[in-house]
Amino acid sequence: MKKVITYGTFDLLHPGHVNLLRRAKELGDYLIVAVSTDAFNKLKHKESFLPYDDRKMVVEAIRYVDEVIPEESWDQKVIDVEKLGVDVFVIGDDWAGEFDFLKPHCEVVYLTRTPDISTTKIKTGLGKGQA
Ligand code: C2G
């Protein structure tokens, strides 16, 4: 069984997230998603609208996702890959190169980001009363 892992906040789930998760699953048979905890979001200088438990529940409901674990630190990726027997690490290419240190442990794939959609854009649009 080919195991794939990806990491992210996944706040206010949108097509960019789903496109990433669909393509991640296409790279293997089992997809693990490490969802950033609220505490880790602070380390990423990110404030999510939804708390971790809600973001976890939403990601778990996606047909492409087989398992959700918490992302609590920048240092857990190598441990996760080894402990969980992961074959492929995948993430959007806004992170291109950032996780090449994982290459001795697993395949590293950067997928193109979906253009013109982001949680920030959604929040801003809602703020302006856009539909
Ligand atoms: N994404 C995408 N297209 C978008 C928006 C997001 O492909 N329009 C991808 C990102 O590249 C990432 C995933 O969806 O692979 C989750 O995005 P975020 O929730 O913004 O995650 P991020 O804050 O980038 O966290 O340790 C890694 C970090 O936790 C990644």
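Taking a Cβ cut-off of under 12 Å around Val108, the surrounding Lys, Arg, Asp and Glu residues balance to a net charge of -3, with basic ones at +1 and acidic ones at -1.
In this structure, Glu26 and Leu126 have a Cβ-Cβ separation that, at R0 = 35 Å, corresponds to a calculated FRET efficiency of about 0.65. Modelled this way, with points 7 Å down the Cα-to-C-beta line, the labels at Lys83 and His14 are 3.2 nm from one another.
In order along segment 55-63, phi translates into HN-Hα couplings of 5, 5, 4, 5, 5, 4, 7, 7, 4 Hz, rounded to whole numbers, per the Karplus curve 6.51 cos²θ - 1.76 cosθ + 1.60 with θ = phi - 60° and x for Gly and Pro.
Among the listed pairs Lys42/Lys128; Lys44/Lys121; Lys25/Lys121; Lys25/Lys56; Lys83/Lys123; Lys42/Lys121, those whose Cα-Cα separation exceeds 28 Å are Lys83/Lys123. When Rg and the Kirkwood radius Rh are both evaluated on Cα atoms of segment 62-111, their ratio Rg/Rh stands at 0.95. With all projection directions averaged, the alpha carbon convex hull of the chain covers 7.9 nm². Near the amide H of Val68, within less than 5 Å, lie the amide hydrogens of Val33, all on another chain or at least 5 residues away, with H placed in the peptide plane. How charged is the neighbourhood of Gln76? Take every other residue with its Cβ under 13 Å from the Cβ of Gln76, and add Lys/Arg as +1 and Asp/Glu as -1. Its environment carries a net charge of -3. Across segment 94-103, computed HN-Hα scalar couplings (Karplus, 6.51 cos²θ - 1.76 cosθ + 1.60, θ = phi - 60°) run 5, 9, 3, x, 5, 10, 5, 5, 7, 4 Hz from first to last residue, x flagging Gly and Pro.
What translational D, rounded to a whole number of µm²/s, comes out for segment 20-75 from Stokes-Einstein when the hydrodynamic radius is the Kirkwood one over Cα pairs, at 20 °C and 1.002 mPa s? Rounded to a whole number, D works out at 180 µm²/s.
Read-outs: derived from the displayed coordinates by stated rules, not from any lab. Since this is a predicted model, take the numbers as computed values, not measurements. Here Cβ is always computed from backbone atoms with ideal geometry, including for glycine, and neighbour counts include all displayed protein chains.
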